[in-house]
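Remarks on the structure that follows.
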Amino acid sequence: MTTVFTGQRRGESMRILVIQNSHTAPAGLVGEELERAGAGLVTVAADEGEPIPEMGDFAGLVVLGGPQDAWDDGHGPHFGAVMERIRSFTAAERPVMGICLGAQLAARAYGARVYRHTAPELGVHPVTLTGGAAEDPLLAGLGPEVQVAQWHFDTFDYPDGAVHLAESPLCGRQAFRLGRATFGFQFHPEATAEILRGWATKPDHGHAPPPVALDRLEQAMADHLPAAEDFARTVTRRWLELA
């Protein structure tokens with residue numbers, strides 16, 4: 001377990017628990033911005049068997065992505081503990097950010113179905129913010145459309161009471177808020193160009209990389225990732241404010 005305390009502006013006492021489900025899916029831009037804003041990150045490699053701490057005095061929870069299927073506890077024996085933490089932080093009204101697999105586990109934690117989508121969504125693709133995002137504490141004023149990193153084969157239903165925040169032409173459930181401050185993002189705000197290249201070229205947990213046109217991916221990243229980074233950093237700062 002890696003503990004990092006950095007920053008000056010918000011004080012070193014604000015700790016964020018980060019649950020990592022694959023070494024290839026780190027906190028990336030989200031982690032950088034949290035540290036820049038003064039948060040201390042406690043990162044747990046849950047997929048490698050590191051124990052997940054209790055909520056304690058953590059101010060917020062980030063659950064990252066990974067190659068596992070969110071419904072497959074055989075390949076994700078830690079999923080039960082992850083969902084328990086999501087429910088604990090949500091009940092305490094402490095902010096939660098679930099990214100891709102993390103969003104799917106957040107949905108599943110509240111009884112929603114997670115399942116294979118009709119087609120994968122890989123690369124950089126447009127996401128449209130819905131009317132529900134207009135007054136959302138994270139997404140207000142950032143639309144109507146953003147080009148963001150995507151890398152998923154699955155989708156999910158929204159939990160009862162969730163606010164629909166974003167959609168894409170291929171996948172209608174891209175973001176939701178549950179309660180005061182639990183957010184699920186099917187897309188990847190944390191992804192840098194280096195992270196995306198890794199997903200496109202390297203096997204992960206026995207999964208071979210999918211066929212992706214690397215020249216098209218490089219062009220899409222050059223065209224859109226600078227704006228996507230600004231979007232990710234704004235969303236992350238706003239999320240931390242909720243803590």
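Observations on the model:
- Summed over segment 130-183, the residues that are within 24 Å of Pro67 (Cα to Cα), more than 14 Å from the chain's Cα centre (by Cα) and part of a loop (DSSP other than H, G, I, E, B) give a count of 8.
- Residue in segment 50-65 that is farther than 19 Å from His152 by Cα, surrounded by 14 or more Cβ atoms within 10 Å (Cβ to Cβ) and either at pLDDT below 95 or among the charged types (D, E, K, R) (or both) present: yes
- None of Arg94, Arg113, Arg85 is of a type in the set (Lys, Arg), open to solvent by less than 50 Å² (accessible area, probe 1.4 Å) and modelled with pLDDT of 95 or more except Arg85.
- Test: residue in segment 188-210 that is of a type outside the set (Lys, Arg), under 18 Å from Leu129 (Cβ atoms) and in a loop (DSSP other than H, G, I, E, B): yes
- Residue list for segment 66-82, filter: in contact with a strand residue (DSSP E or B) (Cβ under 7 Å, 6 or more places away or on another chain) and open to solvent by 10 Å² or more (accessible area, probe 1.4 Å): Pro67, Asp69, Trp71
- A residue that is within 16 Å of the chain's Cα centre (by Cα), in a strand (DSSP E or B) and within 28 Å of Thr234 (Cβ to Cβ) occurs nowhere in segment 69-78.
- Every condition in (1) open to solvent by 30 Å² or more (accessible area, probe 1.4 Å); (2) on the phi < 0 side of the Ramachandran plot is met by Phe156 except one, and the failing one is (1).
- Taking the criterion of being within 14 Å of the chain's Cα centre (by Cα) and either part of a strand (DSSP E or B) or over 18 Å from Gln20 (Cβ atoms) (or both), the residues of segment 96-128 that qualify are Val96, Met97, Gly98, Ile99, Ala107.
- Of the residues making up segment 170-180, one or more are open to solvent by 40 Å² or more (accessible area, probe 1.4 Å) and at pLDDT below 95.
The values are calculated or read from the model by the stated rules, or taken from the named source; none is laboratory data. This structure is a prediction, so every number in the text was calculated from the model and none was measured. Because the Cβ atoms are built from the backbone with ideal geometry, glycine has one as well, and the counts that use them run over all protein chains shown. Side chains included, ligands, DNA and RNA excluded: accessible areas come from the protein's heavy atoms. Shrake-Rupley method; radii C 1.70, N 1.55, O 1.52, S 1.80 Å.
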